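Below is one structure, written out as structure tokens, with a few remarks after it.
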Amino acid sequence: MRATAVLVLLLASFVLANAGEEIPESIEVDFACTYGGQDYTVKTTLNYQYWYYYCESIFLYNSDGALIDEYTSPEPDIFLGIYGQQPYLEDFTGNGETEVIIFTNGGGNDPLINLGLLVLRPTPAGFEELYASMFSAPLAEDLDDDGVMEIYTFSAWQPSFSLARVYRSSFIWDVWDSKGDEYSSADTADYEAFFREEIETRKSFYEERSWEILPEEQLRDGLAVLLLATVAGFTEEYESWWSEIEADLKQAVSEIENGDWSEIEDIFATPELCHSFLYDELW
């Protein structure tokens, strides 16, 4: 993601350098790229709103300067770009060609609801959409060191008695991988090492902070491990973690106003219950 960091730093430097001066309402940006031995140019206009720049459309031109395609948001009121990030180029699929990567913003500050990702391939016929999600906070990482960027998205759950979104338990919901043509939902079992590392990280976070946090936060962070273990299919890890934290979570729920332990127990007491809840009742 070094390209992203560079672009953000450049834009931040631009804004800082012009501190005290009038901020431009728009900035023209263009990228040179190739696909199949052909040269292309990707252009966009960054528009300033509130405190950040965003783009509404991106354009693809051939080597002669002729417009090939215009790509706009597939959903209304979704900004192509967020908080100063520009579209950038990277070989996501590992095929030796660069794709156009765009982080999207629905206009809010809730990552699960408002933040998305687009992966577009420039071709002689126009932009080819390889991946598009306007929500669920997609992240990209080469999870198995095969040179291809996998994309994983998030979901969340919160009990009925804890309404503030800050107390919902977020967890990785699915993984998307690419065979070179497009991204499709993958089997989480193919990324066992990744999920085990994520679960251990979340366990450590819980164990290091549970003594000093609010009961709502303790419940949130403890259940997040169980939800992630359910998606990963780690039954033994689920049962072990539940037995370790059950008493503590029950105490935490008793300290929450209108806390209902039976609601937690009915969903999380066994890995089978949690799996049924996630895959049969919610989705």
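Bear in mind these aren't lab numbers, they're just calculated from the coordinates by the rules spelled out. Worth saying up front: this structure is predicted, and the values here are computed from it rather than measured. Because the Cβ atoms are built from the backbone with ideal geometry, glycine has one as well, and the counts that use them run over all protein chains shown.
Exposure proxy shown here: for Asp248, Asp221, the number of other Cβ atoms within 10 Å sets the order, fewest to most, as Asp248, Asp221.
Report the GluC sites (Glu not before Pro) located in the range 198-262 that are in a DSSP loop and have at most 13 other Cβ atoms inside 10 Å of their Cβ, or state none. Those that pass, being in a loop and sparsely packed, are Glu212, Glu255, Glu257. The angle between the Cα long axis of helix 2-17 and the longest principal axis of the Cα atoms of the chain comes to about 70 degrees, rounded to the nearest 10. Built from the Cα atoms of the chain, the convex hull projects on average onto 17.6 nm², one quarter of its surface area. Under the combined filter of DSSP loop state and at most 16 neighbouring Cβ atoms within 10 Å, the range 53-117 retains these GluC sites (Glu not before Pro): Glu56. Compared with the dominant Cα axis of the chain, that is its longest principal axis, helix 235-254 is turned about 70°. The aspartates and glutamates whose alpha-carbon is closer than 15 Å to the alpha-carbon of Lys250, local same-chain residues fewer than 8 away aside, are Glu216, Glu217, Asp221, Asp260, Glu263, Glu265, Asp266.
Of all the options Phe205, Phe92, Phe171, the one that moves most in a Gaussian network model of the chain with Cα springs shorter than 10 angstrom is Phe205.
Normalised by the number of residues in the range 154-283, the mean separation of alpha-carbon contacts (under 8 Å, six or more apart) gives a relative contact order of 23 percent. Its Cα gyration tensor gives the range 172-283 an equivalent ellipsoid. The semi-axes, each the square root of 5 times an eigenvalue, are 28, 16, 12 Å from largest down. When only the Cβ of Lys, Arg, Asp and Glu is charged (+1, +1, -1, -1), the dipole of the chain relative to its Cα centre reaches about 800 debye.
What do you get for the angle between helix 192-209 and the principal long axis of the chain? Use alpha-carbon atoms, 0 to 90 degrees, nearest ten. The answer is roughly 60 degrees. For the range 176-222, pairs of C-alpha atoms spaced more than 11 angstrom apart make up 72 percent of the total. The lysines whose alpha-carbon is closer than 30 Å to the alpha-carbon of Lys179, local same-chain residues fewer than 8 away aside, are Lys43.
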